[in-house]
Amino acid sequence: MITKKPITANTEELLDIERGFWTGDSAYYEANADTECLVAFPQMAKAMTNAELAETASKPNRWRGLDIKLKGMVEPGSDIVVLTYEARARREKGEPYAALVSTGYVHRADGWKMMFHAQTPLETEAQG
């Protein structure tokens, strides 16, 4: 019989970090992403350095009305956590966006750092 160990990572802390990636600037990315991060989007999938990833956040406040609904979280080791959630937000110009998102974190001496991030866009209702 397999016993399930309890998750020790602070879920709210990780979700707060995650929200920051949606709204933060390049300095936020530099402070909260690991040295390298594997990313997977429909238009791009690759390993990026911390600096390369930070460059993608050149416009702070690019998302509005962010809503995150946690779908699941696993902690395969005491220093690794992966969470999956549904995100809904509006882009800077008001267009709706929805996606299933998975993010992996590794715990370093200075806190949790994003080391994996993937988004699968969902269909959204057209603006009325």
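The values are calculated or read from the model by the stated rules, or taken from the named source; none is laboratory data. Values in this document were obtained by computation on a predicted structure and should not be read as measured data. Every residue, glycine as well, gets a Cβ built from its backbone with ideal geometry; the counts of neighbours run over all protein chains shown. Surface accessibility is based on the protein's heavy atoms, side chains included, excluding ligands, DNA and RNA. Shrake-Rupley method; radii C 1.70, N 1.55, O 1.52, S 1.80 Å.
The table below lists the values:
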| quantity | calculated |
| --- | --- |
| Spatial separation of Cα centroids for region 79-102 and region 58-78, in angstrom | 6 |
| Contact order normalised by residue count of the chain, Cα under 8 Å, 6+ apart, percent | 22 |
| Potential lengthening between Arg90 and Ala31 on full extension [0.36 nm per residue; Cα-Cα distance subtracted] | 18.8 nm |
| Solvent-free Debye scattering, log10 I(q)/I(0), computed from the Cα coordinates of region 18-128 at q = 0.20 Å⁻¹ | -1.17 |
| Given charges at beta-carbon only (K, R positive; D, E negative), |dipole| of the chain in Debye | 300 |
| Shape category assigned to region 64-109 from the gyration tensor of Cα positions, a/c cut at 1.5 | prolate |
| Net charge over other residues, Cβ less than 15 angstrom from the Cβ of Asn50 (K, R count +1; D, E count -1) | -4 |
| Under 14 Å from Lys46, Cα to Cα: aspartates and glutamates that are on another chain or at least 8 residues apart | Glu36 |
| Order by protection proxy (mean Cβ within 10 Å, highest first), peptides 113-124, 96-107 | 96-107, 113-124 |
| Crossing angle, helix 11-23 versus the chain [Cα axis fit, 0-90 degrees, rounded to tens] | 30 |
| Carbon + sulfur, % of accessible area of the chain - ligands and nucleic acids excluded, 1.4 Å | 53 |
| Å² per residue, accessible surface of the chain at 1.4 Å | 60 |
| Dipole-positive endmost among Thr124, His107, Thr8 within the chain (Cβ charges, Cα centre) | Thr124 |
| Within region 43-85: Cβ-based charge dipole about Cα centre, in debye rounded to nearest 20 (Lys, Arg +1; Asp, Glu -1) | 300 |
| Structure-based [θ]222 nm, the chain - -39500 (n - 2.57) summed over DSSP H runs of at least 4, per residue, nearest 500 | -5500 deg cm²/dmol |
